[in-house]
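The values are calculated or read from the model by the stated rules, or taken from the named source; none is laboratory data. Values in this document were obtained by computation on a predicted structure and should not be read as measured data. FYI the Cβ positions are ideal-geometry reconstructions off the backbone, even for glycines, and counts take in every protein chain you see. These accessible areas exclude ligands, DNA and RNA; they are computed on the full protein's heavy atoms, side chains included. Shrake-Rupley method; radii C 1.70, N 1.55, O 1.52, S 1.80 Å.
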Amino acid sequence: MISARLIVDRDFVLSDLDRRVFGAFVEHMGRCVYGGIFEPGHPTADARGFRGDVLELTKELGPTIIRYPGGNFLSGYNWEDGVGPVEDRPVRRDLAWFSTETNRFGTNEFMEWSRAAGIEPMFGVNLGTRGPDEARRFLEYCNHEGGSELSELRKSHGHAAPHDVKFWCLGNEMDGPWQIGAKTAEEYGRTALETAKVMRWIDPTIQLAACGSSHRNMPKYGAWEYEVLDHCYDQVDFISLHTYFNNNADSAPEYFGVIELMDAFIKEVAAICDAVGAKRRSHKKIMLSFDEWNVWYKTHKIEHMRKPGWPEAPALIEEVYNAEDALIVGGALIALMNNADRVKTACIAQLVNVIGPIMTETGGPAWRQTIFHPFALAARFGHGRVLRTQVESPSYGATSFPEIPYLYATVVDNPADGTTAIFALNRSLSDPLELNVELRGLGADRRLVTATEIHHSNLKAVNTKDAPNTVVPMANPDVTVDGERLRAKLKPASWNVIVTRSVPRA
């Protein structure tokens, strides 16, 4: 057995945790929309065509905000195609995923679905084939109360009240050569500036995110962020980060290193933002929107991303996740919470079928993938303020990252209800980890509320339609609380949530 120590203090707060870090992503890609959240005629579908089983699983998963409608799809999308009478909407070829888009589901359907799910919308504007004029018109359609052509058009479509969408993405991955209408940093920075300017004139209450690099290994990573922000710093609130984790080496010790790389990525982009701010002598801080992240490597070939013949809603990148992947997703959630001072929104990509925590069979059942469980637990217990952690843990070295502590953890304290949640990952494959926690200043009369672990003896175990509960959260009986001290035994290769509560004095 190995041992590790975790120390936090009530007075050493990193930041309040923005609940939007538990976001997700719905793109018009594969079976995410059609056959995912929307399937008229399904046994569970309501009158609007929303799958009831997927809606209930979405509520259980607990995303707080959802990015829509893309993704690469966004860069060729005309928002006007997806509003108005369905029978009048055009059928188009989608050049992002070489599919046929029927536009039966669009802006107003998504707003109705997100309200049914209790989720805030995050919209994107097309800066690939279109630009500032399209963006300000789309915003006016969504948010203006009435009296203008576009707000009255929305009303004629059956939505008298404005949608009041507050978070907007200025394009998607505009540095990527695969992107429709890809741009240089100067071209995009200028476009983002002008787009942000007119959107703020339409609705000054919105928040705007500029596109960062498509991923950390892009040739101009860093330089892209700096130049883009040098143009639009004063008009945007966020810059985006995207990353997808892979286990191409098929080595769990190497795989665990991607979590450290995610943390480094966040800190690097924050530093770039601050460098631009320092150059401008600005008191403003740009925050980070990690609005695409997930595990994705088993379905990464071209045949997984496009099908011949321009099909409608083909099965694309439908990754089947295993127990190992669930640990990585759990670790990524810890990384997001540990950077709560800069990461204010994040979206696991995507919600259903397309590298999603929820899987469905068209016309059949829906089930939880392994990665569903750490996300649902983090969203359930991640309330309050993130405390600064002092971690003392043995570590190991890997090619992916030189020093990887076996214990990776964060602590979220919620003064509103007196609970404190410890999220902990044991990255040792062979040894249990004895965890000793000091909750300084958080009350000597604490009691254990719940202790839950995600662990499976077979790291390659998966959840399927026929065996949907192979990998599920289980109670951890090896946890004791003695005042402000907590001791737990964490299984090898396990992700854990331990919640305590301060008992009010009589």
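Scaling the Cα radius of gyration of region 271-333 by the globular reference 2.2 N^0.38 Å produces a ratio of 1.81.
List the residue ranges in the chain for DSSP H helices whose C-alpha atoms run 20 angstrom or more along the long axis and whose Kyte-Doolittle average is 1.0 or above.
Going by DSSP H runs, the hits are 257-279, 323-338.
A 1.4 Å probe run over the protein chains yields, for the chain, 37 Å² of accessible area per residue, whole-number rounding. Computed over region 164-218, the P(r) tail beyond 18 angstrom holds 35 percent of alpha carbon pairs.
Projection of the Cα convex hull of region 123-239, averaged over all directions and equal to a quarter of that hull's surface, yields 7.1 nm².
How do the peptides 189-197, 456-464 rank, highest first, by the average count of neighbouring beta carbon atoms within 10 Å per residue?
On the way: 189-197: 21.4, 456-464: 15.3.
Highest mean packing first, the order is 189-197, 456-464.
Just from its helices, what would the mean residue ellipticity at 222 nm be for the chain, if runs of 4 or more DSSP H residues each count -39500 (n - 2.57) and the sum is divided by every residue, rounded to the nearest 500 deg cm²/dmol? Intermediate values should be presented prior to the final figure.
Details: 11 runs with 126 residues, N = 506.
For the chain, the value works out to -7500 deg cm²/dmol.
Shape of region 358-428 from the C-alpha gyration tensor: oblate (a/c of 1.5 or more and a/b not above b/c, with a ≥ b ≥ c the square roots of its eigenvalues).
What net charge is computed for the residues neighbouring P43, neighbours being all others with C-beta under 13 Å from the C-beta of P43, Lys and Arg scored +1, Asp and Glu -1? Could you put the intermediate results ahead of the total?
Values: positive: R51; negative: E39, D46, D53, E361.
Once positives and negatives cancel, what remains is -3.
Residues in region 43-48 carry Karplus couplings, in order, of x, 9, 6, 8, 5, 8 Hz; the curve used is 6.51 cos²θ - 1.76 cosθ + 1.60 with θ = phi - 60°, and Gly or Pro positions show x.
With 20 Å as the limit on Cα-Cα distance, the pairs of K197/K220; K267/K344; K183/K307; K166/K344 that go past it are K197/K220; K183/K307.
Just the projected area, averaged over all directions, of the convex hull on the alpha carbon atoms of region 188-305: how many nm²?
On the way: hull surface 35.5 nm².
Here the figure is 8.9 nm², rounded to one decimal.
Under the combined filter of DSSP loop state and at most 11 neighbouring Cβ atoms within 10 Å, region 373-467 retains these GluC sites (Glu not before Pro): E403. When peptides 322-330, 22-30 are sorted by average Cβ neighbour count within 10 Å, with the highest value leading, the order is 22-30, 322-330. When the alpha carbon gyration tensor of the chain is reduced to an equivalent ellipsoid, its three semi-axes come out at 37, 26, 23 angstrom, largest first. Cα gyration tensor of region 75-174, axes a ≥ b ≥ c as square roots of the eigenvalues: rounded (a/c below 1.5), prolate (a/b > b/c) or oblate? Cα axes put region 75-174 in the rounded bin. Expressed as a whole percent, the accessible surface of region 169-249 that belongs to carbon and sulfur atoms is 51, based on a 1.4 Å probe. Determine the shape class of region 35-81: with a ≥ b ≥ c the square roots of the Cα gyration tensor eigenvalues, call it rounded for a/c under 1.5, and otherwise prolate if a/b is greater than b/c, oblate otherwise. It is oblate, given that a/c is not under 1.5 and a/b is not larger than b/c. Mean projection of the Cα convex hull over all viewing directions, computed for region 1-88: 11.3 nm².
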